[in-house]
Amino acid sequence: MAIKTKSIDRNRFKKVYPRFRKVPSPSFMADGVVQLESFVVNFNNESEKEFRLEGRYTEVPTVSITPMGDVNNVNLFITSITLGSVPANTGRQVNVKIEASTAFTGKVHVQVMQA
């Protein structure tokens, strides 16, 4: 199921014609539930890192990574995303493992989304 989002201006919901127009207040509106999570993972001369996401998910979410720092001749990739076995009221924990082709020092930005 695809979730549709659109950008809206919250100051233009009702028809008001003031003398001076208010500064736009941008926001997003979606027709479903979207769960987003973003954080940074630090690598210090390491070739792999395993961590747990903070949110709870009902199914495996979409995870993308972006390396920052000295990334010359280094490939970063996600090797496993596993959903925890014990469900809670709001979902399960997710474990993610990132590996590098060689030892790497830098930051990796992780973005997680579930629609």
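The values are calculated or read from the model by the stated rules, or taken from the named source; none is laboratory data. These numbers come from a predicted model, not from an experiment. Glycine gets a Cβ as well: all are built from the backbone with ideal geometry, and neighbour counts include every protein chain shown.
Brief remarks on what is shown
- Of all residues in the range 31-45, those being closer than 24 Å to residue 79 by Cα and surrounded by 11 or more Cβ atoms within 10 Å (Cβ to Cβ) number 7.
- Considering residues of the range 46-80 that are at pLDDT below 90, more than 24 Å from residue 115 (Cβ to Cβ) and exposed (fewer than 14 other Cβ atoms within 10 Å of the Cβ) only, the residue nearest to the chain's Cα centre (by Cα): 68
- Residue match in the range 8-17 (condition: more than 18 Å from the chain's Cα centre (by Cα), in a strand (DSSP E or B), basic (Lys, Arg) and modelled with pLDDT under 90): no
- Of everything listed in (1) under 30 Å from residue 29 (Cα atoms); (2) of a type outside the set (Asp, Glu); (3) in a strand (DSSP E or B); (4) touching an Asp or Glu at 6+ places or on another chain (Cβ under 9 Å), the single unmet condition for residue 55 is (3).
- Residues satisfying the stated conditions in the range 31-45, i.e. acidic (Asp, Glu) and in a loop (DSSP other than H, G, I, E, B): 31
- Any hit, the range 81-99, residues being farther than 25 Å from residue 34 by Cβ, out of contact with any Cys (no Cβ under 7 Å at 6 or more places or on another chain), touching a residue at least 40 places away in the same chain (Cβ under 8 Å) and not β-branched (Val, Ile, Thr): yes
- Flag for residue 28 being surrounded by fewer than 13 Cβ atoms within 10 Å (Cβ to Cβ), at pLDDT below 90, in contact with a Ser or Thr (Cβ under 9 Å, 6 or more places away or on another chain) and in a strand (DSSP E or B): yes
- Set 52, 56: member being touching a Ser or Thr at 6+ places or on another chain (Cβ under 8 Å), within 20 Å of residue 38 (Cβ to Cβ) and among the charged types (D, E, K, R): 56
- Number of residues in the range 82-115 that are buried (at least 16 other Cβ atoms within 10 Å of the Cβ) and among the aliphatic types (A, V, I, L, M): the value is 7.
- Candidates are the residues of the range 1-25 that are surrounded by 12 or more Cβ atoms within 10 Å (Cβ to Cβ) and among the charged types (D, E, K, R); the one that is nearest to residue 115 (Cα to Cα) is 9.
- Residue, modelled with the lowest pLDDT, within the range 81-90, restricted to residues that are of a type in the set (A, V, I, L, M) and outside any strand (DSSP E or B): 88
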